[in-house]
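Sharing a structure, written as structure tokens. Questions coming.
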Amino acid sequence: MALLDILNYPDPRLFTVAKPVQQVDGRIQQLVSDMAETMYAAPGIGLAATQVNVHEQVITIDISDQRNQLLVLINPRIIAKDGSQVYEEGCLSVPGIFEEVTRAQHIVVEALDVQGKKFTMEAEGLLAVCIQHEMDHLLGKVFVQYLSPLKQNRIRTKLVKRQRELA
Ligand code: NI
């Protein structure tokens, strides 16, 4: 297992569109294990492979209080959605920024698990938010892109300045 480096917005690599996983093999299982370790260590409730500069459709999520209910979504697809909810989101790639985003309240997702087996699940509330947020990463989209251009600029400036200070 290994901790992976998380890309920070506005790193252009975050805007890469991830490709579907061709085969869920040992390499992908290692990636899942490293992503889970990285997500738990951060700590965060979700991580997309895009954020660790791997551009394949892999997501790890754990919204449980005990941090013992790892959800792995490979090649996820939303096959149904309804309703809407507003949630104040954050992101490991956009540290310290929390903003409200509107997303579907209820979704049905089809994906492969870590064994490469297809499954279907329903999610609502925070879990639905989290899945939609991580699936956006796979499309090269970061949650701040839902905000006004003015707010996006302000966030970009703030993060670039902070990264310069840390460098
Ligand atoms: Ni994120």
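If each DSSP helix of 4+ residues adds -39,500 (n - 2.57) and the sum is divided by the residues in the chain, what number results at 222 nm, nearest 500 deg cm²/dmol?
Estimated from H runs of four or more residues: -9500 deg cm²/dmol.
Given a cut-off of under 8 Å on Cα pairs at least six residues apart, what relative contact order in percent is computed for the chain?
Relative contact order comes out at 24 percent.
Restricting to Cα atoms and excluding each atom paired with itself, what does the Kirkwood estimate give for the chain in Å?
After inverting the pairwise mean of 1/r, the radius is 16.2 Å.
Report the gain in length on full extension from residue 115 to residue 161: 0.36 nm times residue separation, minus Cα-Cα distance, nm rounded to one decimal. Walk me through the numbers before you get to the answer.
Details: separation 46, 0.36 × 46 = 16.56 nm, distance 4.20 nm.
Between residue 115 and residue 161, full extension yields an extra 12.4 nm.
In addition: Taking neighbour Cβ counts within 10 Å as the exposure measure, how do 144, 101, 108, 129 sort from fewest upward?
108, 101, 144, 129
Further question on the same structure: Multiply the residue separation of residue 67 and residue 100 by 0.36 nm, subtract the distance between their alpha-carbon atoms, and state the gained length in nm to one decimal.
Extending this stretch completely gives an extra 9.5 nm.
How far, in nm, would the chain grow between residue 124 and residue 79 when pulled straight, counting 0.36 nm per residue and subtracting the alpha carbon separation?
Numbers: separation 45, 0.36 × 45 = 16.20 nm, distance 1.39 nm.
Fully extending the segment from residue 124 to residue 79 adds 14.8 nm.
Let me ask another. Where does each of 84-94, 118-128 land if you order them by average Cβ count within 10 Å, highest first?
84-94, 118-128
Can you pull the one-decimal nm distance between simple spin-label points at residue 150 and residue 22, each 7 Å off the Cα toward Cβ?
Once both label points are built, they end up 4.9 nm from each other.
Each value in this text was obtained by applying a stated rule to the coordinates, not by laboratory testing. Keep in mind the model is a prediction, meaning the values are calculated, not measured. Positions of Cβ are backbone-derived with ideal geometry, glycine not excepted, and every protein chain shown enters the neighbour counts.
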